[in-house]
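Following: one structure in structure tokens, then a few remarks.
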Amino acid sequence: MKPCDCKSEDDCKKLREYDSAVKRAKELAKLLKEAVGGNWKCSVWENLGWHFSLQCGTLFLSEQTYGFENKHSYLVLTSLNKEDVGTGHPEVGVVTAYNPITAVKKARKNLENYFNKINEIILYNNKEFNKNN
């Protein structure tokens with residue numbers, strides 16, 4: 001007897017794998033919210049297995065599984081345009097780490113450095129344009 005209303009054992013397995021991905025995504029979102037703040041939104045999809053991503057602002061985090069031991073690394077894409085988040089076309093940078101909190105902190109630091117550099121350029125240009133005035 002099956003523990004659910006699935007049509008087949010394969011359907012039950014897919015449902016369990018989906019539920020596992022949703023649970024993992026929610027646990028990671030909670031961990032990140034407690035560690036670095038933010039409102040992390042979860043997305044789950046199937047592509048040769050169930051995968052998930054989390055998004056907060058213009059940061060997009062995905063968990064990469066590799067090896068036979070089910071090890072994980074975390075990829076964070078950072079964009080300047082909220083419509084581009086998660087498209088695979090980051091404008092600011094890509095960070096990978098074995099710890100999701102480390103990955104997010106590095107990505108946020110990279111974003112901060114990027115804006116500091118832009119601010120330096122703006123100040124320099126303003127100074128150059130004001131020399132003749």
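The values are calculated or read from the model by the stated rules, or taken from the named source; none is laboratory data. Here the structure is a predicted model, which means the values were calculated and not measured. All Cβ positions, even for glycine, are placed from backbone atoms using ideal geometry, and neighbour counts span all protein chains on display.
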Self-check item: Within segment 96-133, considering residues that are in contact with a Ser or Thr (Cβ under 8 Å, 6 or more places away or on another chain) and outside any helix (DSSP H, G or I), the one nearest to T78 (Cα to Cα)
Solution: T96
Self-check item: Pair list, Cβ under 6 Å, 6 or more apart: segment 42-63 residue buried (at least 18 other Cβ atoms within 10 Å of the Cβ), other residue of a type in the set (G, A, S) and at pLDDT below 85
Solution: T58/S79; F60/G86
Exercise. Would you be able to say whether some residue in segment 17-36 is of a type in the set (S, T, Y) and assigned to a helix (DSSP H, G or I)?
Key: yes
Practice problem: For S53, state whether it is touching a Ser or Thr at 6+ places or on another chain (Cβ under 6 Å) and either under 30 Å from C12 (Cβ atoms) or modelled with pLDDT of 90 or more (or both). | Solution: yes
Practice problem: Would you check if there is a residue in segment 15-37 being at pLDDT below 85 and over 20 Å from A103 (Cβ atoms)? | Solution: yes
Quiz item: Pairs, please: C-beta under 6 Å, at least 6 apart or cross-chain, first residue in a loop (DSSP other than H, G, I, E, B) and in segment 65-94, second exposed (fewer than 14 other Cβ atoms within 10 Å of the Cβ) and at pLDDT 65 or above?
Solution: S79/E91; L80/E91
